[in-house]
Amino acid sequence: MAYEHLRVEIDDGVALLTLDRPEHMNAFSGPMGASLAAAYRECDERDDVRAVVLTGAGRAFCVGADLTAGSDTFAKRDESEFSADPVAFPAWDVRKPVIAAVNGHAIGIGLTLAMQCDIRLVAREAKLAFAHVRRGVLPDAHSHWTVPRAIGFARTAELFLTGRHVTGDEAATIGLASRAFPGAEVLAAAREMARDIAVNCAPLSVALSKHLLWESRALTRDEVGQRETAYHHLVMGRPDALEGVLAFLERRAPRWQLAVPRDWPREG
């Protein structure tokens, strides 16, 4: 399908989604949000996509909302139509790992969108900020749920309530990102990680583990244990559980047979 303000490339098991308004440092737009939701949904449904990388064109990841409308940028919206999360199918709903390659500045919704991804790799020289309170609004895209999960309440409160910038190195130190790299190396590192997942990790196992990770905060310890057991029953004794062991013992690349969404459990 055609995407606006977003480029989609699928090759060798990896989907590369590139926020594509480099002349505006990839400032977020309505078409970009709609395109990103559609691309995520496509990646979720395609068996030839095993991992997803989200990055930005040019020197920024996404510098936040497009402010060219001036004082009308955050004008009152119809309450029945407005959502603080403009991506209707977010990254956590994709049953494949989504890696944010934060190649440059990520401000406001640029950062909250990255926080919806499973893994974040960040440019050391990037500036990152939940700057919403400095623009008269507040953090969005479910960030009051995603960010405390990643860095804890106290650090989240500091960043949300001050809107201050952090560097890529600090982001990695406090857990906003997994690792920091020189900016020129971020995308390559993300693609290498995605390709490793695409080849060496069983697709259904990855999808079930991701699903449980995102749900785990709403579950008790015992409920998590019950879900782990139930998911093991879904994969044990099936072709990929056999293939994973044989491939390891025979020192070769695995040939996975189970697929998402074809083999996804009807309930879960």
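The values are calculated or read from the model by the stated rules, or taken from the named source; none is laboratory data. Since the model is a prediction, treat every value here as computed from it, not as a measurement. In this analysis, Cβ positions are derived from the backbone assuming ideal geometry, glycine residues included, and neighbour counts consider all displayed protein chains.
Okay, here's what the table says:
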read-out: Selected residue (only one of Arg251, Arg262, Arg266 is over 19 Å from Cys201 (Cβ atoms) and either loosely packed, with under 13 Cβ neighbours inside 10 Å or modelled with pLDDT of 95 or more (or both)); value: Arg266
read-out: Qualifying position, being modelled with pLDDT of 95 or more, assigned to a loop (DSSP other than H, G, I, E, B) and of a type in the set (Phe, Trp, Tyr), among Phe89, Phe74; value: Phe89
read-out: Selected residue (only one of Ala259, Ala230, Ala207, Ala198 is over 18 Å from Lys96 (Cα atoms) and aliphatic (A, V, I, L, M)); value: Ala230
read-out: Inter-residue pairs, beta-carbon under 6 Å, first in a loop (DSSP other than H, G, I, E, B) and in the range 110-135, second of a type in the set (Phe, Trp, Tyr), 6+ apart; value: Gln116/Trp92; Phe130/Phe160
read-out: Scope the range 196-240; condition under 22 Å from Arg255 (Cβ atoms) and not in a helix (DSSP H, G or I); matching residues; value: Cys201, Ala202, Met236, Gly237, Arg238
read-out: Ile109 vs. criteria within 21 Å of Arg179 (Cβ to Cβ) and surrounded by 15 or more Cβ atoms within 10 Å (Cβ to Cβ); value: no
read-out: Some residue of the range 174-184 being over 27 Å from Asn103 (Cα atoms) and modelled with pLDDT of 95 or more; value: no
read-out: Long-range neighbours under 7 Å by Cβ, at least six apart or interchain, first residue over 29 Å from Asp118 (Cα atoms) within the range 54-82, second surrounded by 10 or more Cβ atoms within 10 Å (Cβ to Cβ); value: Thr73/Ala65; Thr73/Leu67
read-out: Exclusive hit being under 25 Å from His132 (Cα atoms) and touching a helix residue (DSSP H, G or I) at 6+ places or on another chain (Cβ under 7 Å), set Ala65, Ala27; value: Ala65
